[in-house]
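Below: the structure, in structure tokens.
The values are calculated or read from the model by the stated rules, or taken from the named source; none is laboratory data. These numbers were taken from a predicted model, which means no experiment stands behind them. As a convention, Cβ positions derive from the backbone with ideal geometry for all residues, glycine included, and neighbour counts pool all protein chains shown.
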Amino acid sequence: MQKDAEVDDDEEDMDALDVSDHIEYHDASTILDEDSGMEYQLPPHQRCACHLLNLVATTDASLAEAMNDTYKRLFRATFAKCQAIWNKTGRSHLASEVVEDKCGLQIIRPNATRWNSTCLASERIIRIIDEKGEDSIRGVCDELKVKMLSPAEVAFLREYSITMKPLMKVSNILQSESSVYMGWLLPVIHQLLSKLNRLETSSKTCTTLIRALQNGLHKRFGQMMEDPELAAAAVLLPKFKTSWTDRADVIEAGNFKFILSHLCL
């Protein structure tokens, strides 16, 4: 009975304590609407440069087929024969042995999840032709019963590999996990555009592809190339300073942004 009385006393004490008396309510919307001048400001969003390069090398590069019918026919005919070789060597161990025996190197097969794997696979075919001669690839095609690349298709594949290689190099640079900073972005993109401009003057079969890549770079990196903060980041790197561009307005905007940021500190 005494224990029951103690329990009843505890319940009465708990009832006497109104928990709501110790809770202070605030209107969240009123707090959010207040302008105290101390709000946090996030830095501007920067899109992933490697993802943008991926789009340039895939989506924008594919537009070249719609720009020129001759390029479209040559592109499709060349890669149809290459795909036949890749399929045969990937499905049969005996086919791989044939390639090893006649070429001394294995064929690299493209990976659907990585755009640069097609470029690497194309480079390997060109390397075999350069080192072992066209007869080595022709012997492989005869053994596997697939069509051999014509001289025009070999020349196209060579130019395609040369055209896409600068994009692979820039992508590898920007994906590096060390010694790469934001200041690298504009210099490497400008260097890539300069390389494509030089290739355009000497290209015979891939001029359409080069123009599609140039259009894609300007479309996806155009705003970044005018960004004063990115220009300032490049100018501040001793490796580049102002050597990466001859546009005085971009350098001046970067220098002004750098001075202004230090005055605000």
Looking at segment 130-169, which of its residues are free of Cβ contacts under 8 Å to residues at least 60 places away in the same chain and among the β-branched types (Val, Ile, Thr)?
Ile137, Val140, Val154, Ile162, Thr163
Which of the residues spanning segment 83-100 are of a type outside the set (A, V, I, L, M, F, W, C) and surrounded by fewer than 15 Cβ atoms within 10 Å (Cβ to Cβ)?
Asn87, Gly90, Arg91, Ser92, His93, Glu97, Glu100
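Do you know which residues across segment 119-157 are within 14 Å of Leu74 (Cβ to Cβ) and either of a type outside the set (S, T, N, Q) or surrounded by fewer than 20 Cβ atoms within 10 Å (Cβ to Cβ) (or both)? Full working, then the answer.
Going residue by residue through segment 119-157, those that are within 14 Å of Leu74 (Cβ to Cβ) are 122, 149-157.
Of everything in segment 119-157, those that are within 14 Å of Leu74 (Cβ to Cβ) and either of a type outside the set (S, T, N, Q) or surrounded by fewer than 20 Cβ atoms within 10 Å (Cβ to Cβ) (or both) turn out to be Leu149, Ser150, Pro151, Ala152, Glu153, Val154, Ala155, Phe156, Leu157.
Taking the options Thr163, Thr205, name whichever one is buried (at least 17 other Cβ atoms within 10 Å of the Cβ) and outside any helix (DSSP H, G or I).
Thr205
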Residue check, Met168 under 16 Å from the mean Cα position of the chain (by Cα), of a type in the set (A, V, I, L, M, F, W, C) and either under 16 Å from His218 (Cβ atoms) or surrounded by fewer than 19 Cβ atoms within 10 Å (Cβ to Cβ) (or both)
yes
With part of a helix (DSSP H, G or I), of a type in the set (S, T, N, Q), at pLDDT 90 or above and farther than 30 Å from Thr242 by Cα as the only criterion, which of Ser136, Ser122 stands out?
Ser122
Checking the structure you have, find out if any residue of segment 203-216 is touching a residue at least 60 places away in the same chain (Cβ under 8 Å), among the small types (Gly, Ala, Ser) and closer than 24 Å to Arg124 by Cα.
no
Output the number of the condition that Ser161 fails; it satisfies all remaining conditions of (1) modelled with pLDDT of 90 or more; (2) not assigned by TED's automatic domain parsing to the domain that holds Thr78.
(2)
Close pairs from segment 91-115: first in the same structural domain as Gly139 (by TED's automatic domain parsing), partner assigned to a loop (DSSP other than H, G, I, E, B), Cβ under 8 Å, at least 6 apart:
Ser96/Gln106; Ser96/Ile107; Val99/Leu105; Val99/Gln106; Val99/Ile107; Glu100/Gln106
Yes or no: segment 208-218 includes at least one residue that is of a type in the set (Lys, Arg), modelled with pLDDT of 95 or more and buried (at least 17 other Cβ atoms within 10 Å of the Cβ).
yes
Condition test on Thr70, is it among the β-branched types (Val, Ile, Thr), surrounded by fewer than 17 Cβ atoms within 10 Å (Cβ to Cβ) and in contact with a Gly (Cβ under 8 Å, 6 or more places away or on another chain)?
no
Out of the residues in segment 97-118 that are assigned to a helix (DSSP H, G or I) and within 14 Å of Phe79 (Cα to Cα), state the one that is farthest from the chain's Cα centre (by Cα).
Thr118
